[in-house]
Amino acid sequence: MLSQQLVNGLVLGSTYALFALGFTLIFGVLRVINLTYGFYFSVGAFVALWLARSLGASIWIALPLGSLAAGLVAVVIDGILLTRLRRTKAGELPSLMVTLGAVLALYALMAALIGTEIQRFPFGFVGSTALEFAGVRVSLVQMLIVGTAFVMVAVLFLLLQYTRLGLMIRALAENEDAARLMGINVDATVVAVSFLSGLLGGAAGVLIGLNFNAIQPFMGEAMMLRGFAVIIIGGLGDIRGALVAGILLGVLEVLTAGYLSSNAKEAVGFAILVLTLWFRPVGLFGRAQVKRA
Amino acid sequence: MTNLLDVSGLRLDYGRTMAVKGIDLAVPQGSVVCLIGANGAGKTTTMRGLSGLLKAAGGTVRFEGTDITNAPAHRIARLGIRQVPEGRQVFAEMTVDENLRLGGLQAPDAGEFQKRRGRVLERFPRLQERLTQQAGLLSGGEQQMLALGRALMGAPRLLLLDEPSMGLAPLFVEEIFRIIADLKREGTTILLVEQNAQAALEIADYAYVLESGRITLHGPGARIADDPKVVAAYLGGH
Ligand SMILES: Nc1ncnc2c1ncn2[C@@H]1O[C@H](COP(=O)(O)OP(=O)(O)OP(=O)(O)O)[C@@H](O)[C@H]1O
Ligand SMILES: [Mg+2]
């Protein structure tokens, strides 16, 4: 029972980690809190759903294209909303207000276009086979979720650590003026960051859609609350922190639902959030004083 | 005489406060020109204007005859104007090697990049020893070497140095000026901002004195160094 719960928690947590990674990436680089990020999650899920239902696409097509679409939507929306805020170094509060207004409008638009009832992937979209080890059942969907999350996280790490683009993104995150003095085109780099973050958010949307087989425009909103909890618990802008905190939250939610009640699970994230802010305000991995003016 | 850099009537402001109020200055190819002035005179503001970090409120900046006024900073850097900013501004969370890679990001090919890296490491053996160390953990002097090395990785046609000796121990100050002298000998064109007016005027072919955003005096380095007003204000004379 416990080991089954842990597996389920790990599956859920890996989607939280994936989602939080995109959110923390955009904060870490742009220093803006981008509430429209949750919308990219919904976009990914809906594009995948539409591909599967209308065009009969397999998961191997629907997942990458759904993520890609979310990445492109992120580039456009971030470009419109954040460029000015970023250039004028408007800071957290104005970015919060602008993106809050925008995201409410975007969800409303989406709900008007496709309705708010819960929609599902076609039957047999992902086979229902499962493996069993020592009484623990791992379904194909679960393996797909963990596998995709793991691969995407690993690729992001390698990209940031070892590629030219990654070097430019890290330089921009640390010191924008110095990055410009290196000949780095900040606007172009920001487009790449928006794309990557949208891609991660969209992929998380498809995976959560698969996990619960329930897709609905406002699913991004509920996810944003968790995203917030995860990146604050992990330390704002900290990639390792987002990973660990995401998985932790998933596991604790599943355990709470299993052993306490499924209503209490929604409170778990906020309970840890409050404890974190109380005992360690910089987050699990955050450093006390960042060397930034 | 051909000027690599020609500035005329340059004005720079921060919102309502005008920090640089219309200055003219020229940097001839292959020369070292220095800009001295008291705290808050507008030296850093001028440097940031030249590298494109700050938009000009008026005037023109020409580089090899091309108007680069208000060109974006990354384009100016790619033209070969490389700034060592005030306070060094190394990427503290990255390694020494990554800082150098960032400096050489615009190198045309891997061969050229390696050549530049080899030369920088030869010039700064201390960096060679600390390639994998986090830049933020270097001493102030080492960070200044890194900031210089990083700028040299960009193969600068014009090097803008903003107080490279600021806050350094005397031994490091000496080393920095020795490096500037080497660069000069090799033909690098340099615009140097310094509080250490004595050393700067010794090395400079030409000097400008900036006071509250205006050039109040200019001339060959040696003549400026002998000017009674300069001696009184910047060289600790009596
Ligand atoms: N970011 C800023 N916002 C507003 N005013 C500024 C800003 N930076 C500089 N100033 C003002 O512009 C003027 C020129 O400053 P600047 O930094 O260019 O002087 P400086 O000659 O480099 O001085 P120092 O020798 O202390 O480095 C000063 O009056 C300063 O207060
Ligand atoms: Mg200054």
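Quick look at the numbers
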read-out: Residue that is nearest to the other protein chains (Cβ to nearest Cβ) [pool: residues in the stretch B:33-50 that are within 12 Å of ligand 2 (Cβ to nearest atom) and either of a type in the set (Val, Ile, Thr) or surrounded by fewer than 16 Cβ atoms within 10 Å (Cβ to Cβ) (or both)]; value: B:Thr44
read-out: So B:Phe91, is it under 30 Å from B:Gly22 (Cα atoms) and hydrophobic (A, V, I, L, M, F, W, C); value: no
read-out: Lone unmet requirement of (1) surrounded by fewer than 20 Cβ atoms within 10 Å (Cβ to Cβ); (2) in a helix (DSSP H, G or I) for A:Ile77; value: (1)
read-out: Residue that is nearest to ligand 1 (Cβ to nearest atom) [pool: residues in the stretch B:22-32 that are open to solvent by less than 10 Å² (accessible area, probe 1.4 Å) and closer than 18 Å to B:Gly9 by Cα]; value: B:Ile23
read-out: Members of the stretch B:180-195 that are open to solvent by 20 Å² or more (accessible area, probe 1.4 Å) and within 16 Å of ligand 1 (Cβ to nearest atom); value: B:Gln195
read-out: The stretch B:1-15, residues that are near ligand 1 (Cβ under 9 Å from one of its atoms) and away from chain A (no Cβ under 14 Å); value: B:Leu12, B:Asp13
read-out: Set A:Ala192, A:Ala229, A:Ala271: member being open to solvent by less than 10 Å² (accessible area, probe 1.4 Å) and out of contact with any Cys (no Cβ under 7 Å at 6 or more places or on another chain); value: A:Ala229
read-out: So A:Gly198, is it of a type in the set (Gly, Ala, Ser), over 14 Å from A:Leu156 (Cβ atoms) and buried (at least 23 other Cβ atoms within 10 Å of the Cβ); value: no
read-out: Test: residue in the stretch B:9-21 that is more than 16 Å from ligand 2 (Cβ to nearest atom) and either without any contact (Cβ under 8 Å) to a residue 12 or more places away in the chain or not assigned by TED's automatic domain parsing to the domain that holds B:Val230 (or both); value: yes
read-out: Residues satisfying the stated conditions in the stretch B:97-114, i.e. among the small types (Gly, Ala, Ser), more than 7 Å from chain A (Cβ to nearest Cβ) and in a helix (DSSP H, G or I); value: B:Ala110, B:Gly111
read-out: Residue pairs meeting the criteria (Cβ under 6 Å; at least 6 apart or on separate chains; first within 23 Å of B:Ala107 (Cβ to Cβ), in the stretch B:134-152; second in a helix (DSSP H, G or I) and polar (S, T, N, Q)); value: B:Ala135/B:Asn99; B:Leu146/B:Asn99; B:Arg150/B:Asn99
read-out: Some residue of the stretch A:137-157 being aliphatic (A, V, I, L, M), under 30 Å from B:Met153 (Cα atoms) and free of Cβ contacts under 8 Å to residues at least 24 places away in the same chain; value: yes
read-out: Any hit, the stretch A:165-182, residues being in contact with a strand residue (DSSP E or B) (Cβ under 7 Å, 6 or more places away or on another chain) and either open to solvent by 30 Å² or more (accessible area, probe 1.4 Å) or within 9 Å of chain B (Cβ to nearest Cβ) (or both); value: yes
read-out: Scan of the stretch B:152-172 for residues that are farther than 20 Å from B:Phe113 by Cβ and more than 16 Å from ligand 1 (Cβ to nearest atom), ordered by number; value: B:Leu158, B:Ala169, B:Pro170, B:Leu171, B:Phe172
read-out: Among the residues listed as A:Asn211, A:Asn185, the single one being under 21 Å from B:Pro85 (Cβ atoms) and surrounded by 16 or more Cβ atoms within 10 Å (Cβ to Cβ); value: A:Asn185
read-out: Members of the stretch B:123-151 that are within 16 Å of ligand 1 (Cβ to nearest atom) and polar (S, T, N, Q); value: B:Gln144
read-out: Residue match in the stretch B:58-65 (condition: more than 20 Å from B:Gln29 (Cβ to Cβ) and more than 9 Å from every other protein chain (Cβ to nearest Cβ)); value: yes
read-out: Meets criteria (among the basic types (Lys, Arg), more than 19 Å from B:Leu171 (Cα to Cα), more than 14 Å from chain A (Cβ to nearest Cβ) and in contact with a helix residue (DSSP H, G or I) (Cβ under 8 Å, 6 or more places away or on another chain)) for B:Arg130; value: yes
read-out: Meets criteria (within 15 Å of the chain's Cα centre (by Cα), within 16 Å of ligand 1 (Cβ to nearest atom), assigned to a loop (DSSP other than H, G, I, E, B) and not hydroxyl-bearing (Ser, Thr, Tyr)) for B:Arg48; value: no
read-out: Any hit, the stretch A:191-203, residues being in contact (Cβ under 8 Å) with a residue 12 or more places away in the chain and more than 30 Å from B:Pro72 (Cβ to Cβ); value: yes
read-out: Tally, over the stretch B:51-96, of residues that are assigned to a loop (DSSP other than H, G, I, E, B), open to solvent by less than 30 Å² (accessible area, probe 1.4 Å) and away from ligand 1 (no atom under 16 Å from the Cβ); value: 7
read-out: Matching residues, the stretch B:112-137, being over 19 Å from A:Glu174 (Cα atoms), open to solvent by 40 Å² or more (accessible area, probe 1.4 Å) and not acidic (Asp, Glu); value: B:Gln114, B:Lys115, B:Arg117, B:Arg119, B:Arg123, B:Pro125, B:Arg126, B:Gln128, B:Arg130
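Rundown of residues vs (1) within 16 Å of ligand 2 (Cβ to nearest atom); (2) open to solvent by 20 Å² or more (accessible area, probe 1.4 Å), yes/no style:
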| residue | (1), (2) |
| --- | --- |
| B:Gly149 | no, no |
| B:Arg157 | no, yes |
| B:Arg178 | no, yes |
| B:Ala197 | yes, no |
| B:Leu201 | no, no |
| B:Tyr208 | yes, no |
| B:Asp226 | no, yes |
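The values are calculated or read from the model by the stated rules, or taken from the named source; none is laboratory data. Just so it is clear, the structure is predicted and the values come from calculations on it, not from any experiment. Reconstructed Cβ throughout: ideal geometry from the backbone, glycine too, with neighbour counts over all protein chains shown. Accessible surface areas use protein heavy atoms only, side chains included; no ligands, DNA or RNA. Shrake-Rupley method; radii C 1.70, N 1.55, O 1.52, S 1.80 Å.
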